[in-house]
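These notes are about the structure you will find just below.
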Amino acid sequence: MQPKGSGEIPEETVRVARAAFPKGSLAIRVRDELGVLFTDEQFAGLFAVRGKPAWSPGRLALVLVLQFVEGLTDRQAAEAVRARIDWKYALALEVADPGFDFSVLSEFRDRLVSADGGQPVLDGILTAAREKGLLSRGGRARTDSAHVLSAARDLNWLELVGESLRAALDAVACSEPEWLSAHALPDWFTHYSTRIEDSRFPKSQAKRAEVGRRIGSDGMRLLEMLWTEAPLTLRALPEVELLRKLWIQQFHLVEGEVERRDPKDRPPGAQRLVTPYDPEARGSVKRDTFWDGFKVHLTETCEPGTVHLVTDVTTTAATVPDDRMAAVVHAGLARRDLLPDEHWVDTGYANAQTLAAAQRDHQVALHGPLKSVTVPHARGEAAYGQDAFTIDWDNQHVTCPNGVTSTQWHQRRSEDGLPAIRVRFSPADCRTCPQLRACVNSPKAQRREINLKPREEYEALQQARKLQQTDEWKDRYKIRAGVEGTISQAVQACGLRRSRYRGLAKTSLQHQLTGAAINLIRINAWLTGQPHARTRTSPLAALRPAA
Ligand code: SF4
């Protein structure tokens, strides 16, 4: 790379752009108002010291964001650099600049992926917005997640195992063709030479099961040969490794025969492979939506009267639960000095741990509906629920409504491995208590037991539960709903719902660029005086009588 910087805009480019766009355009306005967003030096670490000179990476970063603003393909984006005067203005290029071949964008994305370069692109815009006074510290932020479909097409079970075997055979054929010619069974050429399509399988369940067993046996035989009589290099092929993992997950031997595993006997969703073409995609479900792919968490500022900017974009496997992400989002925001004072989130993000950790580690007030507790005694509202007991944290005992004091206080780990406290009353006290049956859950229990979270988490949870009962909190919580409009904008304008690329790292880069593009769109709307979109109300809903 030979740093050039984005430099001054050539005079001729300014003259032509002003004449062609007398009212400006997004690209022109962004350059005029935010200045140079990315410099070549920012990306110097992605390039070797020696080698062919690269096209300016600072300009390429801006091209990637503008590409997402307009939802263009690589070819269309390269064409826009060559042909559009407003893009040349934003990139500070001469009118006659021929641009670059579209394949340069793909190569640059690969470099960004290898160095987690999507974050600096998003941050470059946030830094410029802060310098312009469009982004301030603290205030309120909101977060929600969206499901993202893998770039690979959905496969049913027969296609999954058949395509995985076909991909492994193709990889072996490329690497050691002579070995495979000598060892392949004759009917492998019939069954696995072309793509596995569901339409080629029989319709009846019995015959489909037979095909599944045949694929399972063929895969098992190939794996046995690869591990006993093949060159060692073949075992290291990614397609072979995927086949090995998938066969462990999907098949087992029953009396020497290869059989499909029962669904209950398969590994948890976080480990389960769903396609041979994207080994990092996972299957998940949220309410009535099932999907294979990833999940993205978008965080944006939401103070009224300001431009709402996306401050954090985090992509995970589809199976990572939302309650693990509050801490991750806060750490990312803290690293970049973007923490809000209040963080409003959807159901699933807030629990005792995340409420306490947000306050303790970042002084952020996390607000999100808590999951309902299904056990009446733990919920606290039953006659002998937890709320009826008095906890003395300092002396480590609990007093029941009958005035009896607990005798055991044990620090332990819950089934999820989290710190917990088990409090027990003495059987001698409880057995003779007339309230025993109302106090305990199990008909055979001879004494009361209470499971508590650590004090900090317990108190954070109690405080949040009380707060969430109030009308004021319910009214303030309405601000969270606006982030759904952001997700909708990202889906419709930037194609967020389906990954353009394969693998978590590239999908994550896509989402960072999407966040950066939304910010440019919003800054442009702010500068041109376009009001925030309002939540639509249907004609029927508008007629709803006041409560
Ligand atoms: S059963 Fe035990 S803990 Fe419950 S009220 Fe009676 S004495 Fe108290």
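The values are calculated or read from the model by the stated rules, or taken from the named source; none is laboratory data. Quantities reported herein were computed from a predicted structural model and do not represent experimental measurements. As a convention, Cβ positions derive from the backbone with ideal geometry for all residues, glycine included, and neighbour counts pool all protein chains shown. What goes into the accessible areas is simple: the full protein's heavy atoms, side chains included, and nothing from ligands, DNA or RNA. Shrake-Rupley method; radii C 1.70, N 1.55, O 1.52, S 1.80 Å.
Observations on the structure shown:
- Residue tally, condition open to solvent by less than 80 Å² (accessible area, probe 1.4 Å) and outside any helix (DSSP H, G or I), over region 422-436: 7
- Residues that are assigned to a helix (DSSP H, G or I) and either within 29 Å of the chain's Cα centre (by Cα) or in contact (Cβ under 8 Å) with a residue 40 or more places away in the chain (or both) within region 437-458 comprise ALA438, CYS439, ARG455, GLU456, GLU457, TYR458, listed in sequence order.
- Subset of region 243-260 that is open to solvent by less than 50 Å² (accessible area, probe 1.4 Å) and closer than 15 Å to TRP157 by Cα - its residue that is farthest from the chain's Cα centre (by Cα): PHE251
- Residues (buried (at least 16 other Cβ atoms within 10 Å of the Cβ) and within 14 Å of the ligand (Cβ to nearest atom)) located in region 439-460: CYS439, VAL440, ARG447, ARG448, GLU449, ILE450
- Within region 21-37, the set of residues being surrounded by fewer than 19 Cβ atoms within 10 Å (Cβ to Cβ) and assigned to a helix (DSSP H, G or I) comprises ASP32, GLU33.
- Of the candidates GLU79, GLU41, the single residue that is at pLDDT 95 or above and acidic (Asp, Glu) is GLU79.
- Unmet criterion (only one of (1) open to solvent by less than 30 Å² (accessible area, probe 1.4 Å); (2) farther than 22 Å from GLU280 by Cβ) for GLY118: (2)
- Residue check, ARG480 within 18 Å of GLN386 (Cα to Cα) and buried (at least 16 other Cβ atoms within 10 Å of the Cβ): no
- Among residues of region 311-334, those that are surrounded by fewer than 18 Cβ atoms within 10 Å (Cβ to Cβ) and among the β-branched types (Val, Ile, Thr), counted: 2
- Criterion: surrounded by fewer than 18 Cβ atoms within 10 Å (Cβ to Cβ), in contact (Cβ under 8 Å) with a residue 24 or more places away in the chain and more than 15 Å from the chain's Cα centre (by Cα) - qualifying residue of ASP288, ASP337: ASP337
- Taken together, the criteria exclude TYR501 from residues that are among the hydroxyl-bearing types (Ser, Thr, Tyr), more than 30 Å from ALA90 (Cβ to Cβ) and in contact (Cβ under 8 Å) with a residue 24 or more places away in the chain.
- Taken as a whole, region 399-421 holds at least one residue that is near the ligand (Cβ under 6 Å from one of its atoms), open to solvent by 70 Å² or more (accessible area, probe 1.4 Å) and in a loop (DSSP other than H, G, I, E, B).
- Test: residue in region 325-333 that is in a helix (DSSP H, G or I), in contact with a helix residue (DSSP H, G or I) (Cβ under 7 Å, 6 or more places away or on another chain) and in contact (Cβ under 8 Å) with a residue 40 or more places away in the chain: yes
- Assessment of region 388-397 against the conditions (open to solvent by less than 40 Å² (accessible area, probe 1.4 Å), of a type outside the set (Ser, Thr, Tyr), within 16 Å of the ligand (Cβ to nearest atom) and modelled with pLDDT under 85) yields no matching residue.
- Members of region 53-80 that are outside any loop (DSSP other than H, G, I, E, B), open to solvent by 10 Å² or more (accessible area, probe 1.4 Å) and not aliphatic (A, V, I, L, M): ARG59, GLU70, ASP74, ARG75, GLN76, GLU79
- Among residues of region 181-197 that are under 12 Å from ILE215 (Cβ atoms), those with a Cβ under 7 angstrom from a residue that is among the basic types (Lys, Arg) and in a helix (DSSP H, G or I), sequence gap 6+ or separate chain, pair up as TYR192/ARG166; ILE196/ARG166.
- Tally of residues being within 48 Å of the chain's Cα centre (by Cα) and either of a type in the set (Gly, Ala, Ser) or near the ligand (Cβ under 8 Å from one of its atoms) (or both) across region 422-435: 2
- Looking only at residues in region 203-242 that are assigned to a loop (DSSP other than H, G, I, E, B) and open to solvent by less than 40 Å² (accessible area, probe 1.4 Å), the one that is nearest to GLU163 (Cα to Cα) is LEU237.
- Pairs with Cβ under 6 Å, 6+ apart, first in region 361-385 and more than 16 Å from the ligand (Cβ to nearest atom), second open to solvent by 60 Å² or more (accessible area, probe 1.4 Å) and at pLDDT 60 or above: PRO369/THR347
- Tabulated pairs, region 395-415, first under 13 Å from SER426 (Cβ atoms), second near the ligand (Cβ under 9 Å from one of its atoms) and open to solvent by 60 Å² or more (accessible area, probe 1.4 Å), C-beta under 8 angstrom, 6+ apart or interchain: ASN402/GLN435; VAL404/ASP429; THR407/ASP429
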